[in-house]
Amino acid sequence: MTVRKAFRPDASQEWRALYLKRRGRIYMFWLIGVVIGVIKLHPTSMNAGGLSFAIERPEAIQGVLYVACLIVWFDTFATVIVKQGMVNRNDRRDALFAALKSHRHSFKNLDLQQLKAVQAAARRIVRMPLVVSLIEISIPVAFIVAFGLPAIWQLIRTIVFG
């Protein structure tokens, strides 16, 4: 029995675009926070859209960026986990198609051990994007947890104690 590749020209393009947008936001918030911390930037005012804002506690800006990064990370993490649970028949077919590449895309003349190897390879193919995505978006969060907590505590002290 030959396994055919699923016909889905744009099935995962929307998910990919959403994921890349969220990943970009995570890294943007993180990198801006790192730059602010490295150059010890303490802005006192900000102009946006013709409006001018006075910043009373400029040391809390890095904490705000890190908290925004954590919020976007949590949302993206939850979305990736939910998306992984929504693996459909076409995704499984694509994984089998890729796993059977060394066997001419056919189950013909495969013994039980080879079938189990193909099944294991297909499972790895389905799970690998989840693992890579979670590692990819967790790099900034690991940095924030390791080095950015003082900025977050400064933000909390500024909010609570004024």
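Just so you know, all these numbers are worked out from the coordinates, no wet-lab data involved. Since the structure is predicted, the reported quantities are computational estimates derived from the model, not experimental observations. In this analysis, Cβ positions are derived from the backbone assuming ideal geometry, glycine residues included, and neighbour counts consider all displayed protein chains.
What to note about this one:
- Compared with the dominant Cα axis of the chain, that is its longest principal axis, helix 61-85 is turned about 20°.
- Approximate spin-label separation N88-I71, in nm, with each point projected 7 Å along Cα-to-Cβ: 3.2 nm
- Against the chain, whose longest principal axis is taken from its Cα atoms, helix 112-143 shows a tilt of about 10°.
- Ranking of D111, D94, D75 by count of other Cβ atoms within 10 Å, fewest first: D111, D75, D94
- Lys-Lys pairs in segment 1-138 that are eight or more residues apart or on separate chains and whose Cα atoms lie under 26 Å of each other come to 9.
- Helix 89-99 and the long axis of the chain differ in direction by around 70°, with both axes built from C-alpha atoms.
- Computed from backbone phi with θ = phi - 60° and the Karplus coefficients 6.51, -1.76 and 1.60, the 3J(HN,Hα) list for segment 42-58 is 10, x, 9, 8, 8, 10, 8, x, x, 9, 10, 10, 9, 9, 6, 10, x Hz; x is used for glycine and proline.
- Considering only M86, M128, M46, the Gaussian network model of the chain with Cα springs below 10 Å gives its largest mean-square fluctuation to M46.
- Three principal axis lengths of segment 14-161 [C-alpha, angstrom, descending]: 73, 33, 26
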